[in-house]
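The values are calculated or read from the model by the stated rules, or taken from the named source; none is laboratory data. The structure displayed is predicted, hence computed values, not measured ones. Heads up, the Cβs are rebuilt from the backbone with ideal geometry, glycines too, and the neighbour counts pull from every protein chain shown.
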Ligand SMILES: Cc1ncc(COP(=O)(O)O)c(C=O)c1O
């Protein structure tokens, strides 16, 4: 079980106060705070091993060792087959733009791609540009406005229309909080030969991710959403990474990950990502031992990381429960996502809501005055907000706890919300 006090002690930002008022970070779907292990790794990197890649001298050799270890640790977090399948980059959006160009080289005019109305624009915009450049057909998968889940019948209908070469879907929605059945969807799309590209930016901070079990072809995530520095990570199946031509300069590696890691990378960011994985490894070792048996087939670090994420997921269900039931008790609130307690295993604790006749921005401003940080608007889930008919009314208020948040923080937030309308 998670020891939340011990966990919070690892995060210097969590104890900060402004004018005597504690900060309450519920803006986490936009970016999380970092533990001391991240800061230590970044500082150590910049003081002791700051160098470019591939030199025969001490700093460069040690720098390469850190980068190598960061790739290996990320492979363990995602249960990738090999660390060569892990590609670091600036962020999820840049990596997706970049690899979408490479995927475009194996597509032809008239091919179809599937995008969804639930996705963040980071998993839509790059594909729309590609479709425009190549003359691809774009097919849209909706979500059901009652269940807030993808409509599988519609997915099957799209598949049966033929020519589907790629499906870009999300693991967890940054707006609705829904966790999607990526494994089943992947099977469905791959049966007809489509490449499955999964945006896991909002899932990885909240649960164990196993790319081999999901069976998808690509999966992207962003360390800054799971307590690390501002970085992006793309995982791809080795055979696809090998087959795809990368947009790269000539002297760069001709094999993955190097061929997709363009230019000089943010080495200190990779070091910091290693730091966050050391932090999660500590949770797995120290507080999640009872879950190791669920991951017995994994190597020791991978087992620790997956058990840590499982423990985090279990704890976060209590946060979802307190937040959703508290919001339900407030007059005029509509929760824009799964709100039945029995279905909380199908949601992350990111909860979006609207209030009758109330602008979402006014609510976040009121919360901000109480040092409670939350987001409002569409949060780049443009299609989802449009489908729900909320585009012209300012979108939603989004409260996004993670494992370092407490039930007390949720209660305090609900207390302030009571005074907002
Ligand atoms: C679901 C989802 N996908 C993609 C992104 C974009 O990530 P990045 O900032 O790493 O490009 C975000 C950012 O909020 C997101 O929530």
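Can you confirm whether residue 151 is away from the ligand (no atom under 16 Å from the Cβ), more than 15 Å from residue 196 (Cα to Cα) and either within 22 Å of the chain's Cα centre (by Cα) or without any contact (Cβ under 8 Å) to a residue 12 or more places away in the chain (or both)? I'd like the intermediate steps shown before the answer.
On the way: away from the ligand (no atom under 16 Å from the Cβ): yes; more than 15 Å from residue 196 (Cα to Cα): yes; either within 22 Å of the chain's Cα centre (by Cα) or without any contact (Cβ under 8 Å) to a residue 12 or more places away in the chain (or both): yes.
Against the criterion (away from the ligand (no atom under 16 Å from the Cβ), more than 15 Å from residue 196 (Cα to Cα) and either within 22 Å of the chain's Cα centre (by Cα) or without any contact (Cβ under 8 Å) to a residue 12 or more places away in the chain (or both)), residue 151 qualifies.
Among the residues making up region 215-233, a single one is more than 11 Å from the ligand (Cβ to nearest atom), surrounded by fewer than 23 Cβ atoms within 10 Å (Cβ to Cβ) and in contact (Cβ under 8 Å) with a residue 40 or more places away in the chain: 229. List the number of the failed condition for residue 129; all other conditions in (1) within 16 Å of the ligand (Cβ to nearest atom); (2) part of a loop (DSSP other than H, G, I, E, B) hold. So residue 129 meets the others, but not (2).
Inside region 193-208, can you point out the residues that are more than 11 Å from the ligand (Cβ to nearest atom) and surrounded by fewer than 24 Cβ atoms within 10 Å (Cβ to Cβ)? Break it down into steps so the answer makes sense when it comes.
Quick first cut of region 193-208, residues more than 11 Å from the ligand (Cβ to nearest atom) only: 193-197, 206-208.
Hits for region 193-208 are 193, 194, 195, 196, 207.
Listed by position, the strands (runs of 3 or more DSSP E) inside region 314-421 whose residues that are crowded, with 20+ Cβ neighbours inside 10 Å number at least 3 are 351-355, 396-399.
Screening residue 20 with (1) over 30 Å from residue 406 (Cα atoms); (2) over 22 Å from the mean Cα position of the chain (by Cα) gives one miss only, at (1). Entry remark, region 249-272: residues being assigned to a helix (DSSP H, G or I) and farther than 18 Å from residue 83 by Cβ number 1 in total.
Can you pull out every residue in region 264-291 that is over 22 Å from the mean Cα position of the chain (by Cα) and more than 17 Å from residue 70 (Cβ to Cβ)?
285, 286, 287, 289, 290, 291
Filtering 176, 78 for residues that are over 25 Å from residue 276 (Cα atoms) and assigned by TED's automatic domain parsing to the domain that holds residue 215 leaves a single hit, 176.
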